[in-house]
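The values are calculated or read from the model by the stated rules, or taken from the named source; none is laboratory data. Since this is a predicted model, take the numbers as computed values, not measurements. Positions of Cβ are backbone-derived with ideal geometry, glycine not excepted, and every protein chain shown enters the neighbour counts. Just the protein is used for accessible areas: all its heavy atoms, side chains included, with ligands, DNA and RNA removed. Shrake-Rupley method; radii C 1.70, N 1.55, O 1.52, S 1.80 Å.
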Amino acid sequence: MKRMRMRPWKLVAVVGLICGLGFVFLTPPMGGYDEPLHFLRADQVSQGHLVASQHGKQYGGAFPATLTKDLRAILTDGIFSRDRTKVFKHFGDAAPRGRKTFVEFTPSAVYSPVPYVPAALLMAVGRAFGASVLVLLYLGRIGSLLGTIGLLALAVARMPSRKWILATVALLPVTVLQASLLSADGVTIALALLVFALALALADTPRGEVTKRRLVEIAIATIALGLAKPPYILLALLFAIPWWRHRGAVGRALVVSTAAGFAAFAAWNAYASSIYVAPRYPSGGADRFAVFTHVDPHRQERLIEHHPWTFVQTIQHTLSSYWQSFLHDVIAQAPLGSLPSWVVVAGVAILLTGAVLPRVAPRALIRWRARVVIIAIAVLTFVALMALAYSGWNAVGAPRISAFQGRYLIPLLPLLLVVLPARRRALPGDERGRIELLIAAASTVLLIAAGVWLRSHFY
């Protein structure tokens, strides 16, 4: 009897959706990272407004008068109440109504509408049927989950080999949690991993066999990534690897796609910079080097530009101070809490097993030059992330970069894992099948354990 091979992309699609739906309802409403602000931005996009409106020095949108009252009630019963199950009574509330008034959401106004599209589509359907604010929130979460998991499954399917690298990253608790919350992070992570997979797939495609459909797919994914959260568009530089191999018409198409992605990024980033308002605590509310205090992005950027070695030392101080937090959060970060440390240990073991399992690596990655390019892009992206965090919400000249979230590093995990040496000798079919089954089972159990933790922690 022919043995059926496990398909990693199907595992991501099925397990990611099932466990993600559990996370949707196990995480308290509005309990995600800045979720009320992301809800307002997604709701605005669902009404067809792609950019925020300005009111004085604030940015936001026009919403029915009762919406903010409904949001406060959900926050009170869902986050601050001892019995968080009280929040579910708001399912049957009336839809937001009344004269439209300006509601401020300046921190999320800088985000492009692209990462909110999956959430906004379902929220628009809910609004058409008169859904309550709580129902709209859950519809937004489900839309974000469907979009993120769909893109992640596509990325795994496009990966030419070593598919378990992407599959295990996609099924980390932190990744599925991000997918199940209403924010810009889930879709951004998925787009970054899709661009990574498309670049490696093209590098492994023989010359003359690249289809126009694949080039169109690359162009769409790259432009969408450019309009997601910065600075992950830097991953589009990975197309330099297949460009060197194909050149000609394919090479020109890659240059155009990459340039379009960077142009989209530059255009939206210029707009976002023009409306960005630095977060800050009230005067006297924090010390000199606390996060969100004495923030001045322009002065901080000039400091990085004119004193790059000082910035490098700041990154070193940050890593030495927070490396344990970064390691934990890139695997097991959770909103309003922290998953146990054993989840991190199990997650690292699963990632490493998936990384070394395959028999061979893509042909382009056997060469050391490609590995150097991948590592260089990973380092460049990490530094750019640090620079954005430093200038965006840290005091000018702060000795460390505070409030940097480990989940920002998720798109860099596959780049680091793919350069690890893979097993070259073929494994017997049965042995390989058992290892794949073990990885699938371990990833699933880890997600279930995270769900149990969410249930016990919040309800």
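Would you point out the residue of region 103-117, among those that are assigned to a helix (DSSP H, G or I) and more than 14 Å from the chain's Cα centre (by Cα), that is nearest to Ala190 (Cα to Cα)?
By that ranking, first place goes to Val117.
Of the conditions (1) open to solvent by 20 Å² or more (accessible area, probe 1.4 Å); (2) touching an Asp or Glu at 6+ places or on another chain (Cβ under 6 Å); (3) among the β-branched types (Val, Ile, Thr), Val110 satisfies every one except a single condition; which number is it?
Status for Val110: all satisfied but (2).
Can you name the residue in region 34-50 that is surrounded by fewer than 17 Cβ atoms within 10 Å (Cβ to Cβ) and not small (Gly, Ala, Ser) and, of all such residues, is nearest to Gly140 (Cα to Cα)?
Within region 34-50, the match that is nearest to Gly140 (Cα to Cα) is Gln47.
When the residues of region 224-242 are filtered to those that are surrounded by fewer than 21 Cβ atoms within 10 Å (Cβ to Cβ) and more than 16 Å from the chain's Cα centre (by Cα), which remaining residue is modelled with the lowest pLDDT?
Ranking the qualifying residues of region 224-242, first place goes to Ala240.
Let's see how each residue does on (1) over 24 Å from the mean Cα position of the chain (by Cα); (2) open to solvent by less than 60 Å² (accessible area, probe 1.4 Å); (3) at pLDDT 85 or above:
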| position | (1), (2), (3) |
| --- | --- |
| Thr258 | no, yes, yes |
| Ala266 | no, yes, yes |
| Ala270 | no, no, yes |
| Ala278 | no, yes, no |
| Tyr281 | yes, no, no |
| Arg288 | yes, no, no |
| His294 | yes, no, no |
| Gln300 | yes, yes, yes |
| Ile304 | yes, yes, yes |
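Look through region 415-427, keep the residues that are open to solvent by 80 Å² or more (accessible area, probe 1.4 Å) and assigned to a loop (DSSP other than H, G, I, E, B), and return whichever of them is modelled with the highest pLDDT.
Applying the filter and picking the extreme gives Pro421.
Kindly check whether there is at least one residue in region 72-90 that is touching a residue at least 24 places away in the same chain (Cβ under 8 Å), open to solvent by 20 Å² or more (accessible area, probe 1.4 Å), part of a loop (DSSP other than H, G, I, E, B) and among the aliphatic types (A, V, I, L, M).
No: region 72-90 contains no residue that is touching a residue at least 24 places away in the same chain (Cβ under 8 Å), open to solvent by 20 Å² or more (accessible area, probe 1.4 Å), part of a loop (DSSP other than H, G, I, E, B) and among the aliphatic types (A, V, I, L, M).
Among the residues of region 338-345, is any open to solvent by 70 Å² or more (accessible area, probe 1.4 Å), without any contact (Cβ under 8 Å) to a residue 24 or more places away in the chain and more than 24 Å from the chain's Cα centre (by Cα)?
No.
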